[in-house]
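Visitor: Please read through the structure below; I'll follow up with questions.
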There are 2 protein chains.
Amino acid sequence: MPRPGRVPPTLEAVAAHAGVSRATVSRVVNGTPGVRPELRERVRRSVAALGYVPNSAARSLVTRRTGAVAVVIAEPDTRVFADPFFAQQLRGIGHRLAAEDTQLLLMLLEGRDDYDRIDRYLSGGHVDGALMFSLHADDPLPAMAAASGLPTVFGGRPGWAAAAGEPGPLYVDTDNRDGARQAVRHLLAGGRRRIAVITGPLDQTSAADRLDGYLEALGLAEPEPALLARGDFTAAGGERAMAELLARSPGPDAVFAGNDLMASGALRTLRARGLRVPEDVAVVGYDDLEPAAWSDPPLTTVRQDVRHMGELMAELLLRRLGLAEGPLAPVVTPARLVVRAST
Amino acid sequence: MPRPGRVPPTLEAVAAHAGVSRATVSRVVNGTPGVRPELRERVRRSVAALGYVPNSAARSLVTRRTGAVAVVIAEPDTRVFADPFFAQQLRGIGHRLAAEDTQLLLMLLEGRDDYDRIDRYLSGGHVDGALMFSLHADDPLPAMAAASGLPTVFGGRPGWAAAAGEPGPLYVDTDNRDGARQAVRHLLAGGRRRIAVITGPLDQTSAADRLDGYLEALGLAEPEPALLARGDFTAAGGERAMAELLARSPGPDAVFAGNDLMASGALRTLRARGLRVPEDVAVVGYDDLEPAAWSDPPLTTVRQDVRHMGELMAELLLRRLGLAEGPLAPVVTPARLVVRAST
């Protein structure tokens, strides 16, 4: 808020108050290393005493960097905090950014109203770049990122094609289609014949690609309606979807769930109905995050190295910002089936 | 990074490219409402085409606001994502800030190396204020906040006193001492005589205050060594602490754990040893977050309205920033015992 009648103190005023040079104040304010701790502390006290608001543009005009990267997750906080997928991604991202002394700023989207505000912050020169994940098909984030000119890397293959002559978006993904194929072939090899699928939200490419891989492995062009139930990547959604599948006749003898959380929900429904896993129904998940190995029975699943994918996202963005060396191209990591007791 | 030989495009260049006035570009870039969507989009395209980097200070010189507030949690991401306490706090904070069109930026601290970087971002004029929680006694964050002059509100009573003549820190807390007293009195009223305590990290005031309340209710000046075990607010820590307590003789007939996660760990240890809850050992937690009601048996605990506390933190900061009306003083919310089957 503008404070009427108050002239904001200048860098020079801080320098005079602290009894140091203007350059020293500038170095402290800009976080440039090499200022002695005592001087740094003296400048800090003067900054506080005068109520000086350091001018972020003063620094960015010199360095063109803010030293921070926004991570925007297009999911409500309930999802972000309940799914270890996000914690692992963030750990990987934070770790790689920290190695280049770059700060991670996490921004969550609760609702559509939040987009405008996030747009303003991202366009406001407060961050050097953005990492965005969990995008849905109609998500305005990619257009916002493009309009702001902010270097951006996506988690998961974006669902749109680049215009002719323009470079495509940078992203990190796992080979979702191949992972799903491996899961379903494993179930077929185990003699399963009525293999159902619980999908994630099909406006996300990860969910759509896993469904495609399921269909490919079964040699189908379209899913058999009785064997498909839509979930939402949550455990509660998996629970509901499994109940739907069991209500149909004949029921499935196996289920491929689009992620581990939905698989754990499916296990709960099967247990509540007195069905044995894998004897009556075999279950495969996707992700191989910690809960998979702890579930009862431990879950056969498709492993993607989520933390490493986070590191790769940060790495691509650092390359884009000229802070790391390497090719500027999307990265797709391999998926690998991990067989445990649920199949 | 400076791009040698490239002159950064100006606001004027963007205005000329878009065929609009300088003021319109400024309004779009600064997120001022009232620009027609078509104009807004046209300016965006020019911004992207020219690679214009909006100057955050240009806006902050006018409004003195960035529209964002940092939330700094002095805990590793493993803790933040595993404890629903943080998700609830953040939900409350985000909800209250969103009502004033202010963006929440979450910054996690993985290690000591991160402090300098966070300090630089907080001092760099990129945020209007900060909310800090989960501070430990030797935490450098409060001094950083003071030195930067950034308006700051703390979650939990800070462990230091204000210097004479200075205003004390603004914070939101629950009445930890009273909550602990209620828990222990309830156990005494149930006929328990060897009431053990599992504490959180005692360099956090919440953990220390809960221990004080436990001692007060028992009329003790110091804990009985056989009945005290230190935990770390995690489920694994509660599991270990309970095992320690059971290794002593005579064992406890009740346990007051400093939070629900540690209580759930204690329940696991008791179950693994074949001890019945509450027949052999009664258990009380603290927080009353979702897992308390789902545990087996459901947990007697001390309820604090964590989401509301998050809203109050945001409210205090908004008042401090002149964006909301009301007294500028610490807020301590009441604690209330919730009795379930574990006692």
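The values are calculated or read from the model by the stated rules, or taken from the named source; none is laboratory data. Predicted, not measured: the structure shown is a model, and the values here were computed from it. Glycine also receives a Cβ, built like all others from the backbone with ideal geometry; neighbour counts cover every protein chain displayed. These accessible areas exclude ligands, DNA and RNA; they are computed on the full protein's heavy atoms, side chains included. Shrake-Rupley method; radii C 1.70, N 1.55, O 1.52, S 1.80 Å.
Visitor: Could you list all residues from the stretch B:212-252 that are farther than 25 Å from B:S134 by Cβ and not hydrophobic (A, V, I, L, M, F, W, C)?
Guide: Listed by number, the residues that qualify are B:G219, B:E222, B:E224, B:P225, B:R248, B:S249, B:P250, B:G251, B:P252.
Visitor: Shifting gears a bit: Filter the stretch B:209-227 for residues that are farther than 24 Å from B:A247 by Cα and open to solvent by less than 30 Å² (accessible area, probe 1.4 Å) and give the result.
Guide: Passing the criteria: B:D209, B:G213, B:A217.
Visitor: Under the condition of being charged (D, E, K, R) and either in contact (Cβ under 8 Å) with a residue 40 or more places away in the chain or open to solvent by less than 20 Å² (accessible area, probe 1.4 Å) (or both), which residue from the stretch B:119-155 is nearest to the other protein chains (Cβ to nearest Cβ)?
Guide: Checking each candidate, the answer is B:D119.
Visitor: Additional query: Restricting attention to the stretch B:66-83, and to residues there that are in a loop (DSSP other than H, G, I, E, B) and more than 28 Å from B:V29 (Cβ to Cβ), which single residue is most open to solvent (accessible area, probe 1.4 Å)?
Guide: The residue in question is B:P76.
Visitor: Right, A:P278: in the same structural domain as A:L202 (by TED's automatic domain parsing) and at pLDDT below 95 or not?
Guide: Taking the combined requirement at face value, the residue does not satisfy it.
Visitor: Scan (1) in contact with a Gly (Cβ under 8 Å, 6 or more places away or on another chain); (2) open to solvent by less than 30 Å² (accessible area, probe 1.4 Å); (3) within 9 Å of chain A (Cβ to nearest Cβ); (4) at pLDDT 80 or above for the single condition B:G31 breaks and write down its number.
Guide: So B:G31 meets the others, but not (4).
Visitor: State yes or no: is A:D116 at the interface with chain B (Cβ under 8 Å from one of its Cβ atoms), open to solvent by 30 Å² or more (accessible area, probe 1.4 Å) and assigned to a loop (DSSP other than H, G, I, E, B)?
Guide: no
Visitor: Of the residues A:E216, A:E239, A:E244, A:E222, which is in a helix (DSSP H, G or I) and over 30 Å from A:M309 (Cβ atoms)?
Guide: Of the residues listed, the single one that is in a helix (DSSP H, G or I) and over 30 Å from A:M309 (Cβ atoms) is A:E244.
Visitor: Filter the stretch A:173-195 for residues that are within 29 Å of A:D139 (Cβ to Cβ) and not in a helix (DSSP H, G or I); which is farthest from the chain's Cα centre (by Cα)?
Guide: A:D175
Visitor: For residues in the stretch A:84-112 being over 24 Å from A:L289 (Cα atoms) and more than 7 Å from chain B (Cβ to nearest Cβ), which is least open to solvent (accessible area, probe 1.4 Å)?
Guide: My answer is A:T102.
Visitor: For the stretch B:266-277, give me the residue count where each residue is surrounded by fewer than 24 Cβ atoms within 10 Å (Cβ to Cβ) and closer than 16 Å to B:T301 by Cα.
Guide: Number satisfying all stated conditions: 1.
Visitor: Taking the stretch B:254-279, which residues are hydroxyl-bearing (S, T, Y) and out of contact with any Gly (no Cβ under 7 Å at 6 or more places or on another chain)?
Guide: Matches in the stretch B:254-279: B:T269 only.
Visitor: Determine which member of the set B:L337, B:L328, B:L267 is part of a helix (DSSP H, G or I), of a type outside the set (G, A, S) and touching a residue at least 40 places away in the same chain (Cβ under 8 Å).
Guide: B:L267
Visitor: Would you mind telling me which numbered condition in (1) modelled with pLDDT of 75 or more; (2) surrounded by 14 or more Cβ atoms within 10 Å (Cβ to Cβ); (3) more than 8 Å from chain A (Cβ to nearest Cβ) B:P9 fails?
Guide: Looking at each condition in turn, B:P9 falls short on (1).
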